[in-house]
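Scroll down for the structure; my scribbles are underneath it.
No value in this document is a laboratory result; all are computed from the given coordinates. Keep in mind that this is a model prediction, so the values were computed, not measured. Cβ placement follows ideal geometry from the backbone for every residue including glycine, while neighbour counts extend to all protein chains displayed.
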């Protein structure tokens, strides 16, 4: 065995699930086609990603965080067509891919789940099962997809997550490998101990100790709230490096992949052309562009879909942020994608068109859209599509 083969074997072994041996981890991809699902946990603000530039109501509803109509100003939206623009943070990454026909967007997309709960809606999407029926939490739609491809022989699949996500759970053999980067506190336990000892003989000792206790309580509370929405997904910081690592593994070993990215719950000060959300878009865009570059020639047979559990309120809130919404915008990317388009059913955005007077409506049901996409990528028949998404008719938007 030469050095390259040894390293490839070691890489495959590190990707095995902790619960036991996964035969798919050592198999070569059974098909040239590769599919990666990117789940943005937290419900990202799709209205500032795909900007409805022809809607005056959008600008009335977002006096502080709206993205300006396309112009020579580099902070304005990037024109996609007469009705839509793209956030300027994606100028150097996703926008050129859109112009090159490698990216399409589907607005008014999502699930009919109306709970606006992170957990509930994430579960609904990952399960891919009909609403108002008993749920099988051991049967995610990505796992069912893996089981029907290649004449029922399946394909090598991997979740690039700490734990196997619901979407990848089921009868097909799927592994998971952690890519999470844990952030560190600016004051570690050793430094805390030094500070406490410094003030130990002064009258401020009690206040210092109480201050650290309060700080710890607040940090834990904030982290718990973020984790609840993110489910321990990685953040956009460092995503470009992680995306390149994923691409290497997808290029050589896996035909079906899943990654989740957290941090999209922007209730406060989300910003507009600049700010917190813009920074996340920029980092996400760099990561997806890095993924494309690392895939090399395999990009021509690769499809990447970016989704979130829901969108956010059309109107900004009193804290210059947005709250949990309903309809979202999906991204579809790849070398074989018929991009450069904004696809699916759409409506003019006026006050009377909002769902429950607050959100994007869902006009493009996610299971129907993904089912049509899977049919194109893998040539699935009606029976196979029913296995993946029971109770819905696949809808072909001509993306592949």
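Exposure proxy ranking for 370, 114, based on other Cβ atoms within 10 angstrom of each Cβ and starting from the fewest, stands as 114, 370. Note on the range 256-400: Rg/Rh from C-alpha atoms, Kirkwood Rh, equals 0.99. Once the Cβ-Cβ distance of residue 73 and residue 99 is raised to the sixth power relative to R0 = 25 Å, the FRET efficiency obtained is 0.85.
For the pair residue 293 and residue 245, label points projected 7 Å from Cα toward Cβ lie 1.8 nm apart. Each label point was placed 7 Å from the Cα along the Cα-to-Cβ direction; for residue 317 and residue 134 their separation is 3.7 nm.
Taking the average, over residues, of other Cβ atoms within 10 Å as the packing measure, peptides 77-84, 307-314, 376-383, 283-290 rank 307-314, 283-290, 77-84, 376-383 from highest down.
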